[in-house]
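The values are calculated or read from the model by the stated rules, or taken from the named source; none is laboratory data. As the structure is a computational prediction, the values presented were derived from the model and not from experiment. Glycine gets a Cβ as well: all are built from the backbone with ideal geometry, and neighbour counts include every protein chain shown.
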Amino acid sequence: MSIFMVKSILSILLIFLSIIALFTMFEILGRPEGKYNIEELKKIHRINGKLYFLLYIIISYLCINFIVDTKSELNPRSTFHTVFAFSILMLFLLKISYLKIYRQFYSQVKILGLLIVIFTFLSFATSGGYFLLKQIGLNKTSITSPLENREDIKLSKNITLKCDAKSIKKGRLIFETKCIFCHDYSTEKILVGPGLKGILKNEFLPTSRKKATPETIAGQLIQPYKDMPSFSYLKKEEIEDIIAFLNTV
């Protein structure tokens, strides 16, 4: 199971916990005469809050670890997701401080709780929700901008398929630094992304189904199809080295 699917499933659990938190908060603070036992609701709310925070930390770790490992750059959607997730943390800590320290602001707790739920939904929508929609085929968008947008790669025909040992060695090093977390080059087995064994010997790329050529692989690295992060910061020489290595697997 890919890290994206794991994160999406955990995000659904986070949504479920936020709904429980919202319900118990409304019952505790919103009814003049409680329908349920208030003390029991408070206990459930506290336990639910701890589980929510623990799950939030796990999901955040998975996200941060993936970004650090792959050295990927945030796209606009990922940036919004990060802002929403960080806002949840700030609101959560603020709520705790109102409950434990600044009791004079206790009346604002319900507003903070509502904001946490709203940002949880927004965070899910820009990450797990987006991924799940793509998996069931409701989102067919892909990035197809031309390579000409890249300053150091003016035309795709400028990609050179290198065969020298030095380039292959450098390409393998770059691959094992940036790509191996998601792709296995020795098999076609799926990790996060598809295995790349024989990628340039096949007719089509495994996911985009574009022609398997050095130019399309360069395009995939610079402006990826679907879930793969962009490696547009790589130099043309580094991209050609990666392709040189992939040509040997």
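Per-residue answers, yes or no, for (1) modelled with pLDDT of 85 or more; (2) touching a Phe, Trp or Tyr at 6+ places or on another chain (Cβ under 8 Å):
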residue	(1), (2)
F181	no, yes
G195	yes, yes
A212	yes, yes
E215	yes, no
Check the range 17-31 and report whether any residue there is more than 28 Å from L234 (Cα to Cα), of a type in the set (F, W, Y) and in the same structural domain as G129 (by TED's automatic domain parsing). yes
Which residue out of V83, V117, V109 is part of a helix (DSSP H, G or I), out of contact with any Leu (no Cβ under 7 Å at 6 or more places or on another chain) and not charged (D, E, K, R)? V83
A218 versus (1) on the phi < 0 side of the Ramachandran plot; (2) not in a helix (DSSP H, G or I): which is the lone unmet condition? (2)
Would you check which residues across the range 13-28 are of a type in the set (S, T, Y) and closer than 12 Å to F53 by Cα and list them? S18
Residues of the range 17-43 being within 34 Å of the chain's Cα centre (by Cα), β-branched (V, I, T) and surrounded by fewer than 18 Cβ atoms within 10 Å (Cβ to Cβ), in sequence order, are I19, I20
Which residue out of S127, S156, S123, S167 is buried (at least 16 other Cβ atoms within 10 Å of the Cβ), modelled with pLDDT of 85 or more and closer than 30 Å to P214 by Cβ? S167
In this structure, does G198 turn out to be more than 26 Å from S78 (Cβ to Cβ), small (G, A, S) and either free of Cβ contacts under 8 Å to residues at least 60 places away in the same chain or crowded, with 21+ Cβ neighbours inside 10 Å (or both)? yes
Subset of the range 95-106, residues without any contact (Cβ under 8 Å) to a residue 12 or more places away in the chain and part of a helix (DSSP H, G or I), comes to I96, S97, L99, K100, R103, Q104, F105, Y106
I'd like to know if the range 50-64 contains one or more residues that are within 13 Å of the chain's Cα centre (by Cα) and of a type in the set (D, E, K, R). no
